[in-house]
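The values are calculated or read from the model by the stated rules, or taken from the named source; none is laboratory data. This structure is a prediction, so every number in the text was calculated from the model and none was measured. Quick reminder, even Gly has a Cβ in these numbers, built from the backbone with ideal geometry, and neighbours come from all protein chains shown. SASA here: full protein model, heavy atoms, side chains in, ligands and nucleic acids out. Shrake-Rupley method; radii C 1.70, N 1.55, O 1.52, S 1.80 Å.
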There are 2 protein chains.
Amino acid sequence: MARIVMKFGGTSVGSVERIQAVARRVAEEVEAGNQVAVVVSAMSGETNRLFGLCRDVAPMHDAREYDVVVSTGEQVTIGLLSIALQSLGVEARSWMGWQLPVLTDVAHGRARILDINTETLIERMEQGQVAVVAGFQGLGQTDNRVTTLGRGGSDTSAVALAAALMADRCDIYTDVQGVYTTDPRIVPKARKLDRITYEEMLEMASLGAKVLQTRSVEMAMKHGVRVQVRHSWPEYWTIPGTLVCGEDEIVEKEIVSGITYSRDEAKVTLAKVSDLPGVAARIFGPLADGNINVDMIVQNVSEDGQSTDLTFTVPTGDLDKAVKLLEERRDELGYKALTATDGVVKVSVIGVGMRSHAGVAQTMFKALADRGINIQVITTSEIKISVLIAEEYTELAVRALHSAYGLDAA
Amino acid sequence: MARIVMKFGGTSVGSVERIQAVARRVAEEVEAGNQVAVVVSAMSGETNRLFGLCRDVAPMHDAREYDVVVSTGEQVTIGLLSIALQSLGVEARSWMGWQLPVLTDVAHGRARILDINTETLIERMEQGQVAVVAGFQGLGQTDNRVTTLGRGGSDTSAVALAAALMADRCDIYTDVQGVYTTDPRIVPKARKLDRITYEEMLEMASLGAKVLQTRSVEMAMKHGVRVQVRHSWPEYWTIPGTLVCGEDEIVEKEIVSGITYSRDEAKVTLAKVSDLPGVAARIFGPLADGNINVDMIVQNVSEDGQSTDLTFTVPTGDLDKAVKLLEERRDELGYKALTATDGVVKVSVIGVGMRSHAGVAQTMFKALADRGINIQVITTSEIKISVLIAEEYTELAVRALHSAYGLDAA
């Protein structure tokens, strides 16, 4: 017997038939003797429809009222899934955020969970009742109003509930079979990982593998919640998916677990910037004030000792704004030339194993050099090496690295 | 300055444009210096759509989960209307049933309001904030779950809120201009009434004038809430509609205020029933047990002193069931013949003035007799005289009575 949390996203509950299928999957876990809480999203399309209504009434609107409107999406799903479970003979009841309550701060539209009261829930689950909990929503601690967690918040709801329930597992049912070594659309030989550490998953998530919300992984890591990513379609129910867990649960650590890429990168180079103390602050200050997130930064050694070349990346959508801000300050910053391009991609290799292995970076550089791919910028962290290359080499680079680190499926 | 409750039904808030129009009407009342609470229904079609989802998941479903799903309709409207009001510069906030709370019993799907806590609401209204309250929903007193009041419950929500707020007026915005002396589709000279008593309105409502829910009128009468029925379209905002109020507020009482008709009547006659004590109980007991609502009853004086003819009416939809029940008990009841027909209509004249005026019934009988209309059954109450006639005479009878009581517009 285990206590588990199961989470189903919008497409998994996107129709009456899908909701009935979800109920059958939940019933299987109940029949296997487990205590079950289910967290669900709004039916696919509903959140957008509700947001559209708010926007049509007034483009700028009170986030508190937006939360009142948008939170109804999950409310409908919990009622329908409870009905579907009951019709299979499974005892179930729905819980809205305010009923438990799921206490959050009052940052409406992007609230953070502070605490979940699970006393009644545990009592009922021990008696065999399935708890069907609305994801994405909570109750503002100081204003007693409905809050929402922001897009993708249902993953976070599920992990937070699993932590509060001290659940043995949190199963996230989604539209992929698990976490892959890289994008299978680029590398057909990509392998599904059986296990991946929280740290690796965080790097994967923030680099573009859109399987789990970053915040939900952070929360899982903080509370040690074992998260199982699984496919929600009945034909995949027997496939275990990928377990996101602590390093201690992974016996055979791979040096590199995955290769990711992000096309949402644009490169800016400032040539011959005065090499004086404080110049970096003068450059990046205005960008930070403009809410532009600077990612990779590299500063070349100056030849004359008086000037330097500075290269950095920003999200593609912020490129024009960044260029404008820097051109406005050209005199103040004292650079000779500004060049900008969005024809670049960031490719990363990720793996906790690289902490204890030398030569990981060298393998990457050699694999790219062998294919004539020029590296423009390099950044590294404890478990990640990222390079910026010309966008047209994306697929070639990802495939080369996937092979070089021995990740190709047999 | 007055404290008022404004209620808008589903068609009045059926689109973004309609919601914006409602916001403008509310803003007018605020600008006039009034304290305002608004009660709204779900956008038209929403309740049916949500009910359809429940039914598609399982035809027989838990009323508590049905309430969770269906109550989202009103929740969406209160959020959107609050946004619309704010965009006009009117301070407003939404309130769900559980937030005030609107306490109800736990008869889910058809709950009754027990109490409304208005402390915070009054505080905010006195500070100029418009309270936008979800109609049709409440919080179950003993189970702490969302309840709904049953179809048309938003009228009841509005009147109950007006009572709890001790409001000066409860304005029910609907798709008619007010209460008419009779159905304008039958009598083009029908007049809109400026005022009507609760008692008359109850008779009108239960006899088929579908302007206000019967329960809401009962509640208004019990608590002395002045209810103004008004049209929700902007072009009618300057027209005052009809005030439903106590008799003391009506100075010039008409003898007869309205003529109504109901086609939902079927007639059953039992010929030569043994005229013994207890026979009526033996006949009507099984009908009551079968949930058949018997309306008009007339028992003829027996000629031989040993048998009698008994005629009564039931709703058209229950006729077959009633006949079956009575035929099964033919021996026990000891009647000679049973005849049944649904080709009848009940026409009623209603007016509190008839209490103090003689000859009101005589005017009715003469008007019908003059047109050769045969009266099959007569029943009377303090403020109503009803007759059962053949259905084909409906329009003729209603027009004749409308003229006979001087109700025709000039």
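Could you give, in nm with one decimal, how far B:E119 is from each other copy of that position, shortest first, with labels 7 Å out from Cα toward Cβ? Distances to the matching label points in the other copies: 2.1 nm.
For region A:185-317, the alpha carbon convex hull comes to 193 Å³ per residue, rounded to a whole number.
Under 5 Å from the amide H of B:V377 lie the amide H atoms of B:L388, each residue being 5 or more positions distant or on a separate chain, with H modelled from the backbone and absent for Pro and chain starts.
Across the copies of the chain, B:D370 has label points (7 Å from Cα along Cα→Cβ) spaced 11.0 nm apart, shortest distance listed first. At full extension, B:A288 and B:D194 could sit 29.9 nm farther apart than now, given 0.36 nm per residue minus the alpha carbon distance. Of the trypsin sites (Lys or Arg not before Pro) in region B:270-362, the ones in a loop by DSSP (not H, G, I, E or B) with at most 15 other beta carbons within 10 Å are B:R329, B:K336. Under 26 Å of direct C-alpha separation, and excluding same-chain neighbours fewer than eight residues apart, B:K272 reaches these lysines: B:K321, B:K324, B:K336, B:K346. Among the listed pairs A:K210/A:K267; B:K210/B:K267; A:K7/A:K210, those with a Cα-Cα distance over 20 Å are A:K210/A:K267; B:K210/B:K267.
Here the relative contact order of chain A, from alpha carbon pairs under 8 Å that lie six or more residues apart, stands at 14 percent. B:D155 contributes an accessible area of around 10 Å² to the protein surface, as traced by a 1.4 Å probe with all chains present.
Each of B:R64, B:R124 has its accessible area taken with a 1.4 Å probe; listed largest first, they run B:R64, B:R124.
Rounded to the nearest 500, the 222 nm mean residue ellipticity of the protein assembly as shown from helices alone is -10000 deg cm²/dmol, with -39,500 (n - 2.57) taken per DSSP H run of at least 4 residues.
Starting from one equal scatterer on each C-alpha and no solvent at all, send me the Debye-based log10 I(q)/I(0) for region B:141-228 at q = 0.12, 0.15, 0.21 Å⁻¹, two decimals. Taken in order of the listed q values, log10 I(q)/I(0) reads -0.40, -0.59, -1.04. Residue and distance for the chain A Cβ closest to the axis that moves A onto B, in whole Å, come to A:T72, 2.
Using a probe of 1.4 Å on the protein chains alone, the accessible area found for B:I297 is around 80 Å². Put A:T260, B:T363 in order of accessible area, highest first, and with a 1.4 Å probe you get B:T363, A:T260.
Entry note, region A:235-321: relative contact order of 34 percent, from Cα contacts under 8 Å with a spacing of 6+ residues. Using the Cβ-Cβ distance between A:L114 and B:I297 with R0 set to 60 Å, the FRET efficiency works out to roughly 0.40. Normalised by 2.2 N^0.38 Å, with N the number of residues, the alpha-carbon radius of gyration of the protein assembly as shown equals 1.28. Across region A:3-248, Cα pairs under 8 Å and at least six residues apart give a relative contact order of 20 percent. When B:L81, B:L53 are compared by accessible surface with a 1.4 Å probe, the order from highest to lowest is B:L53, B:L81. Summing charges over all other residues whose Cβ lies under 15 Å from the Cβ of B:G278, with Lys and Arg as +1 and Asp and Glu as -1, gives 0.
Amide H to amide H distances under 5 Å link A:E91 with A:V130, where only residues 5 or more positions off or on other chains count and H is placed in the peptide plane. Each label was represented as a point 7 Å from its Cα along the Cα-to-Cβ direction; for B:T379 and A:A271 these points are 9.9 nm apart.
Along region B:251-268 the Karplus relation, 6.51 cos²θ - 1.76 cosθ + 1.60 evaluated at θ = phi - 60°, assigns HN-Hα couplings of 6, 8, 6, 6, 5, 10, 9, x, 10, 10, 9, 9, 8, 7, 10, 9, 10, 10 Hz to successive residues, with x for each Gly and Pro. Annotation for B:E17, label-to-label distances across the other copies: 3.6 nm (shortest first, one decimal, point 7 Å from Cα along Cα→Cβ). Taking the empirical scaling 2.2 N^0.38 Å for compact globular proteins as reference, region B:259-404 has a Cα radius of gyration ratio of 1.12. Each part gets one Cα centre, and for region A:373-400 versus region B:5-77 those centres are 54 Å apart. The modelled label-to-label distance for the pair A:E395/A:A280, using points 7 Å beyond Cα in the direction of Cβ, is 3.8 nm. By the rule of a C-alpha distance below 20 Å, with chain neighbours fewer than 8 residues away ignored, the aspartates and glutamates paired with A:K222 are A:D105, A:D115, A:D155, A:D168, A:D171, A:E199, A:E200, A:E203, A:E247, A:D248, A:E249, A:E382.
Look at the stretch B:90-99: the mean tally of other chain Cβ atoms within 10 Å of its residues' Cβ atoms is 3.
Solvent-accessible surface (1.4 Å probe) assigned to B:C170 amounts to roughly 0 Å².
Measuring how big region B:218-267 is from its alpha-carbon positions, Rg and Dmax come out at 15.0, 45 Å. When the Cα atoms of chain A are aligned to their principal axes, the ranges along those axes come out at 78, 55, 32 Å in descending order. Principal semi-axes of the equivalent ellipsoid, √(5λ) from the alpha carbon gyration tensor of region A:3-248, are 26, 22, 18 Å from largest down. Of the GluC sites (Glu not before Pro) found in region A:304-410, the ones in coil according to DSSP and having at most 15 other Cβ atoms within 10 Å of their Cβ are A:E382. If I require 18 Å or longer along the helix axis, counting alpha carbons, and a Kyte-Doolittle average no lower than 0.5, what helices from chain A are left? Use full DSSP H segments. Result, helices passing both filters: A:72-87.
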